[in-house]
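Presented below is the structure to which this report refers.
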Amino acid sequence: MSDTDLRQDLAASFRLLDKYGMSDLTNGSVVARDPDHPETFLTHPHGMFFHELRASDFVRVNIDGTPVDPDVAVNMAVCRPASAIFAARADVNAIIHAHGHGVMGVAALECGLLPISEAAFPFYNDIGYIDGDFYFDDDYVAAIPKALASHKALIYRHHAFAAVGETVAEAFFWAFQLNVACEIQLKVLATHKKVLLPKPEEAQRHHDAFFTDGWVANGSVEWPGLRRLLDTEGADYKE
């Protein structure tokens with residue numbers, strides 16, 4: 001993937017997060033490891049809103065989380081956790097940290113994410129949890145990749161979530177699915193009716209359907225259409 005393609009995917013993901021209700025003013029992030037320069041990754045300048053980001057806005061950060069250009073303001077609460085995840089997971093090239101309302105609601109529930117919808121099944125026995133902490137000190141940053149482990153997403157209790165992927169498309173796919181799963185769960189729980197939970201073997205079978213028989217859910221099918229959707233609304237994110 002070229003630098004231009006990667007930057008356009010990053011900008012597209014920010015626009016889509018905003019479109020689907022997962023932006024939070026200037027808070028949150030999408031970062032991506034540069035395949036041509038794996039000792040660096042791209043992030044957005046601190047203070048920009050999701051709906052305004054363009055391909056040319058992204059700045060390069062060293063793998064230790066410090067900006068290549070020391071005059072550029074980046075959010076260290078973004079860069080330090082991302083640096084730790086990239087160091088721990090060679091298979092991860094993109095990380096989304098967002099504050100979707102659905103996930104923020106489930107992040108306050110003791111039960112966590114329940115396997116009660118199609119959107120939730122891919123995360124069955126495949127999601128991490130960590131207590132929320134807004135200071136991101138050294139010990140907490142070190143704990144983040146341990147809590148994420150080999151999972152595709154991490155819920156920060158009383159905070160938000162991170163979704164990871166081999167590509168920006170995959171990270172967005174899991175962010176979208178997780179937020180939908182959580183929104184559905186909150187609506188189900190709001191009925192105050194008895195929740196019908198599948199048996200563990202049924203939930204596992206539903207999970208496996210996303211990753212077997214030649215089908216792997218990773219956003220690659222959906223991403224071109226999402227980019228086309230943005231293009232119909234204005235392609236300035238590519239600039």
Mind checking which residues of segment 219-239 are open to solvent by 50 Å² or more (accessible area, probe 1.4 Å) and either of a type in the set (A, V, I, L, M, F, W, C) or in contact with a Lys or Arg (Cβ under 6 Å, 6 or more places away or on another chain) (or both)? 221, 229, 239
If you go through segment 136-154 one residue at a time, do you hit one that is at negative phi and in contact with a Ser or Thr (Cβ under 9 Å, 6 or more places away or on another chain)? yes
Being at pLDDT 95 or above, exposed (fewer than 15 other Cβ atoms within 10 Å of the Cβ) and under 18 Å from residue 239 (Cβ atoms) is the requirement here; does residue 56 meet it? yes
Restricting segment 59-69 to residues that are assigned to a loop (DSSP other than H, G, I, E, B) and aliphatic (A, V, I, L, M), the residue that is surrounded by the fewest Cβ atoms within 10 Å (Cβ to Cβ): 68
Quick count over segment 84-105, residues being touching a residue at least 24 places away in the same chain (Cβ under 8 Å) and farther than 19 Å from residue 16 by Cβ, is 9
Which ones in segment 182-218 are on the phi < 0 side of the Ramachandran plot, open to solvent by 90 Å² or more (accessible area, probe 1.4 Å) and free of Cβ contacts under 8 Å to residues at least 12 places away in the same chain? 187, 193, 194, 199, 201, 205, 215
Kindly evaluate residue 179 against the criterion of being more than 19 Å from residue 125 (Cβ to Cβ) and of a type in the set (S, T, N, Q). yes
Surrounded by 13 or more Cβ atoms within 10 Å (Cβ to Cβ), of a type in the set (A, V, I, L, M) and in contact with a Leu (Cβ under 7 Å, 6 or more places away or on another chain): is that true of residue 178 in this structure? no
With (1) of a type outside the set (Phe, Trp, Tyr); (2) part of a helix (DSSP H, G or I); (3) on the phi > 0 side of the Ramachandran plot as the list, and residue 21 as the residue in question, which single condition is left unmet? (2)
Test for residue 72: is it among the β-branched types (Val, Ile, Thr), closer than 24 Å to residue 25 by Cβ, part of a loop (DSSP other than H, G, I, E, B) and touching a Lys or Arg at 6+ places or on another chain (Cβ under 9 Å): yes
Does any residue of segment 105-117 turn out to be open to solvent by 10 Å² or more (accessible area, probe 1.4 Å), in contact with a helix residue (DSSP H, G or I) (Cβ under 9 Å, 6 or more places away or on another chain) and within 18 Å of residue 24 (Cα to Cα)? yes
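The values are calculated or read from the model by the stated rules, or taken from the named source; none is laboratory data. Everything quoted here is computed from the prediction, not taken from an experiment. Please note: Cβ atoms are built from the backbone with ideal geometry, for glycine as well, and neighbour counts cover all protein chains shown. When the accessible area is computed, the model is the full protein with side chains, heavy atoms only, and any ligands, DNA or RNA have been set aside. Shrake-Rupley method; radii C 1.70, N 1.55, O 1.52, S 1.80 Å.
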